[in-house]
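Shown next, in structure tokens, is the structure this report addresses.
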């Protein structure tokens, strides 16, 4: 936990300095991505946790502008950074920060098991807000200071959940239900899908990410802009409330 918090503090300072230096306003820097609060509540009757982010605008209303291809494809995310361990969500042990990202990306679909728009076509609904477990690590090659951790395809020691989308990253497509309503976006996670760990710390971030499949010196999925941080300093100060 201490290592993660030190990393987060360092990255936050990097993000802050980069943001102050940027003069061009992002088209995604709207109230829809301005977080006002974040909370995770455990419901003991149903054995689930309800993860919620509130924003100043309309949650989920701002979506990525498609570019028509995978390389350079934009991704928007409402992201819960947590103190959970990678093993809690089905990954093998690795260094990094476990995050639950609620994402939208119109140029590709990375949830092959799920038909989010219920049209019987499973590869056309990336724009609909959906969840991913990821492991983030510090990456100074991108302005946002983070990227999803990658691994060598030949590394047989890496373990991913069976619902992973088949990319060489610590990423899963767990299929949890995501709901946007007015200024709130929510996702429901069963206890057994987080190793029954219902005591953890977390924070909330709204961010712009981008896919790369052409440049070897750039991460496959990096964070390029951070629009808001619930705590203000990525300190993971929030804990799960019991309902």
Restricting the range 206-234 to residues that are touching a residue at least 60 places away in the same chain (Cβ under 8 Å) and surrounded by fewer than 18 Cβ atoms within 10 Å (Cβ to Cβ), the residue that is nearest to the chain's Cα centre (by Cα): 220
message: If I ask for residues that are surrounded by fewer than 17 Cβ atoms within 10 Å (Cβ to Cβ), farther than 27 Å from residue 176 by Cα and either touching a residue at least 60 places away in the same chain (Cβ under 8 Å) or within 12 Å of the chain's Cα centre (by Cα) (or both), which ones from the range 122-158 would you list?
response: 140, 141
- prompt: If only one of 161, 174 is over 22 Å from residue 38 (Cα atoms), within 18 Å of the chain's Cα centre (by Cα), modelled with pLDDT of 95 or more and not in a helix (DSSP H, G or I), which one is it?
  reply: 161
- request: Return yes when residue 78 is modelled with pLDDT of 95 or more and either surrounded by fewer than 19 Cβ atoms within 10 Å (Cβ to Cβ) or within 17 Å of residue 208 (Cβ to Cβ) (or both) and no when it is not.
  value: yes
- line: Residue set 115, 119, 88; condition surrounded by fewer than 20 Cβ atoms within 10 Å (Cβ to Cβ) and outside any loop (DSSP other than H, G, I, E, B); output residue 88
task: Could you identify the single residue in 127, 198 that is modelled with pLDDT of 95 or more, over 30 Å from residue 45 (Cβ atoms) and not in a strand (DSSP E or B)?
output: 127
First in the range 57-74 and on the phi < 0 side of the Ramachandran plot and touching a residue at least 24 places away in the same chain (Cβ under 8 Å), second anywhere and surrounded by fewer than 14 Cβ atoms within 10 Å (Cβ to Cβ) and not in a loop (DSSP other than H, G, I, E, B), Cβ under 8 Å, 6 or more apart: 59/181
query: Residues of the range 179-195 being under 20 Å from residue 55 (Cα atoms), part of a strand (DSSP E or B), in contact with a strand residue (DSSP E or B) (Cβ under 7 Å, 6 or more places away or on another chain) and touching a residue at least 12 places away in the same chain (Cβ under 8 Å), which ones?
result: 184, 185, 186, 187, 188
- request: Determine whether residue 173 is closer than 24 Å to residue 143 by Cβ and either in contact (Cβ under 8 Å) with a residue 60 or more places away in the chain or touching a helix residue (DSSP H, G or I) at 6+ places or on another chain (Cβ under 8 Å) (or both).
  value: no
- request: For residue 203, indicate whether it is surrounded by 14 or more Cβ atoms within 10 Å (Cβ to Cβ) and under 13 Å from the mean Cα position of the chain (by Cα).
  value: yes
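The values are calculated or read from the model by the stated rules, or taken from the named source; none is laboratory data. Just so it is clear, the model here is predicted, and its values are computed rather than measured. As a convention, Cβ positions derive from the backbone with ideal geometry for all residues, glycine included, and neighbour counts pool all protein chains shown.
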